[in-house]
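The values are calculated or read from the model by the stated rules, or taken from the named source; none is laboratory data. Small disclaimer: the values here were computed from a predicted structure and weren't measured. Glycine also receives a Cβ, built like all others from the backbone with ideal geometry; neighbour counts cover every protein chain displayed. Note: areas computed on protein heavy atoms with side chains; ligands, DNA, RNA excluded. Shrake-Rupley method; radii C 1.70, N 1.55, O 1.52, S 1.80 Å.
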Amino acid sequence: MRIAILTSGGDCPGINATIRGVCKSAVNHYGMEVIGIHSGFQGLLTKEVEPLTEQSLSGLLTRGGTIIGTSREKPFKKTPGDPCEDKPARILQNLRELAIDCLVCIGGNGTLKTARKLAELGVNIVSVPKTIDNDIWGTDVSFGFDSAVSIAAEAIDRLHSTASSHKRVMVIEVMGHKAGWIALHSGMAGGGDVILLPEIPFDIHTVGETIRRRIRGGKPYSIVVVAEGIATDGRLRPATYIARAIEEETGIETRETVLGYVQRGGAPTPFDRILATRMGSHATDLIACGKFGRMVILQGSDIDSVPLDQVAGRLKLVSETHDLVVQGRRMGVCFG
Ligand code: F6P
């Protein structure tokens with residue numbers, strides 16, 4: 001069998017470990033041939049490919065980013081003026097010319113939608129969920145999330161000492177797109193006093209009251225963790241918007257930090273290395289069994305898979321009844 005592998009959407013720690021998991025098991029155990037497609041679906045349009053061999057896999061377990069590159073190319077999206085008229089048809093033709101029996105798509109929600117559409121056109125597809133945002137429906141966790149949370153939690157830890165020395169409020173904005181998973185987990189792991197998530201509406205007076213109550217209780221500083229997807233006036237970055245609102249509301253000196261792309265860069269945590277390895281290797285098992293049109297998932301401590309139809313186009317968001325929110329509230333954390 002000849003399989004192809006591509007990585008699409010934002011990069012994240014653990015992609016290379018997944019490529020390694022797919023390839024090692026494909027080459028060593030099943031005797032398959034593996035082709036790497038460059039720059040996501042873009043490479044399927046331009047036929048930019050390279051064979052992935054044992055040599056190409058060396059050192060991949062710990063390496064950040066993706067060795068085959070990524071892009072946000074969406075071949076089913078019609079872009080006015082785009083010279084390539086029928087991208088899906090071109091992809092089908094290129095897959096035929098490259099003699100690909102199955103395509104492994106490592107990606108997040110956008111990738112899953114494209115993967116499902118290609119599957120509907122008859123392409124044998126297996127997907128592996130990848131995103132720091134952890135917002136993919138159907139899997140308990142996607143690899144990259146644990147790495148992003150540990151980077152964000154470390155940043156929050158470091159903000160504590162400077163906040164406390166200056167008696168300031170520190171607002172830190174973390175990624176997550178429309179979901180609050182990174183903010184919730186890093187905020188709770190870092191002992192945030194206020195955690196604002198896109199899924200839970202907030203009232204700035206409640207946030208201000210939490211900060212004033214801490215001061216009355218002898219804690220003259222506060223840490224506010226803000227997810228990038230929270231509702232704002234649309235003009236300012238969430239961190240800036242919240243920092244200004246807090247200063248206005250409380251009169252306390254407030255500073256902001258936008259953590260940004262460091263959350264996506266560098267080596268995966270051991271948890272993500274293991275998850276990526278298991279998911280990658282399981283993807284190859286699915287191919288060997290001819291189980292196509294599926295996405296690999298983690299359920300509890302088991303690796304399994306679900307049909308792409310069940311997951312593509314659905315977001316996994318934080319609910320107000322999530323245990324960490326409920327317990328956090330009981331412990332005095334303000335969610336707005
Ligand atoms: O989906 C991962 C993510 O890092 C989000 O958290 C963030 O909103 C987005 O990608 C940033 O995308 P880009 O790489 O296009 O700037």
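Start at zero, step by 10 Å, and the Cα-Cα distances of the chain spread as 6, 26, 29, 20, 13, 6, 1, 0 percent across the bins. Toward the positive end of the charge dipole of the chain, with +1 on the Cβ of Lys and Arg and -1 on the Cβ of Asp and Glu, the farthest Cα among Thr162, Thr257, Ser281 is that of Thr162. Loop-located chymotrypsin sites (Phe, Trp or Tyr not before Pro) in region 1-89 (DSSP state not H, G, I, E or B) with no more than 15 neighbouring Cβ atoms inside 10 Å: Tyr30, Phe76. For region 137-210, a/c is not less than 1.5, where a ≥ b ≥ c are the root eigenvalues of the C-alpha gyration tensor, and a/b does not top b/c. That puts it in the oblate class. Identify, among Pro270, Ile3, Ala99, the residue whose Cα sits farthest towards the positive end of the charge dipole of the chain, taking +1 on the Cβ of Lys and Arg and -1 on the Cβ of Asp and Glu, with the dipole about the Cα centre. Farthest towards the positive pole: Pro270. Peptides 235-244, 126-135, ordered by how many other C-beta atoms sit within 10 Å of their residues on average, highest first, read 126-135, 235-244.
P(r) for region 149-264, from all Cα pairs and a bin width of 5 Å, is 2, 14, 25, 27, 20, 10, 2, 0 %, short bins first.
Near Gln299, once Lys and Arg are set to +1 and Asp and Glu to -1 for all other residues with Cβ below 14 Å from its Cβ, the sum equals 0.
Other residues lying with their Cβ under 9 Å from the Cβ of Gly176 contribute a combined charge of -2, Lys and Arg counting +1, Asp and Glu -1. Between 0 and 90 degrees, the angle of helix 238-250 with respect to the longest Cα principal axis of the chain falls at about 10 degrees.
Can you compute the helix-only [θ] at 222 nm over the chain? Use -39500 (n - 2.57) per DSSP H run of at least 4 residues, normalise by all residues, nearest 500 deg cm²/dmol. Mind dumping the intermediate values first?
Numbers: 11 runs with 127 residues, N = 336.
Here the helix-only value at 222 nm equals -11500 deg cm²/dmol.
Which percent of the Cα-Cα distances in region 27-81 go past 18 Å? Each step should come with its number before you reach the end.
Details: 686 of 1485 pairs.
Summing the P(r) of region 27-81 above 18 Å gives 46 percent of all pairs.
Split the accessible area of region 206-268 by element, probe 1.4 Å, and carbon with sulfur accounts for 47%.
Can you give the charge dipole size of region 1-142 about its Cα centre, rounded to the nearest 20 debye, using +1 on the beta carbon of Lys and Arg and -1 on the beta carbon of Asp and Glu? Provide the component values of the computation, followed by the final result.
Numbers: 16 positive and 15 negative charges, 31 e Å.
Value, rounded to 20: 140 debye.
The HN-Hα couplings worked out from phi for region 292-300 by the Karplus form 6.51 cos²θ - 1.76 cosθ + 1.60 (θ = phi - 60°) are 9, x, 10, 10, 6, 9, 10, 10, x Hz, whole numbers, x standing for Gly and Pro. Computing Rg and the Kirkwood Rh from the Cα coordinates of region 225-336 gives a ratio, Rg/Rh, of 1.10. Is the shape of region 76-139 best called rounded, prolate or oblate, per the rule: a/c under 1.5 gives rounded, else a/b larger than b/c gives prolate, else oblate, with a ≥ b ≥ c the square roots of the Cα gyration tensor eigenvalues? The shape class here is oblate.
Loop-located GluC sites (Glu not before Pro) in region 109-186 (DSSP state other than H, G, I, E, B) with a sparse environment of at most 11 neighbouring Cβ atoms within 10 Å are absent.
Across region 265-273, coupling constants 3J(HN,Hα) worked out from phi with the 6.51/-1.76/1.60 Karplus curve, θ = phi - 60°, read x, x, 6, x, 5, x, 4, 5, 4 Hz, and Gly and Pro carry x.
Karplus-derived 3J(HN,Hα) values for region 172-183, using 6.51 cos²θ - 1.76 cosθ + 1.60 with θ = phi - 60°, are 10, 9, 10, 6, x, 6, 8, 10, x, 4, 5, 5 Hz; glycine and proline are entered as x. Local charge for Gly59 was computed over the other residues whose Cβ lies under 14 Å away, with Lys and Arg +1 and Asp and Glu -1, and equals +3. Hey, which of these cross-link pairs are over 31 Å Cα-Cα: Lys24/Lys178; Lys87/Lys316; Lys47/Lys77; Lys24/Lys78? With Cα atoms farther than 31 Å apart: Lys24/Lys178; Lys24/Lys78. Rounded to the nearest 10 degrees, the angle from helix 15-24 to the longest Cα principal axis of the chain is 30 degrees. Per residue, the accessible area of region 149-264 comes to 44 Å² when a 1.4 Å probe rolls over the protein heavy atoms. When +1 charges are put on Lys and Arg Cβ atoms and -1 charges on Asp and Glu Cβ atoms, the dipole computed for the chain relative to its Cα centre reaches about 180 debye. The calculated FRET efficiency for the pair Arg255 and Thr232, based on their C-beta separation and a Förster distance of 22 Å, comes to about 0.80.
The alpha-carbon of Lys219 sits under 19 angstrom from the alpha-carbons of these lysines, leaving out residues fewer than 8 places away in its chain: Lys167.
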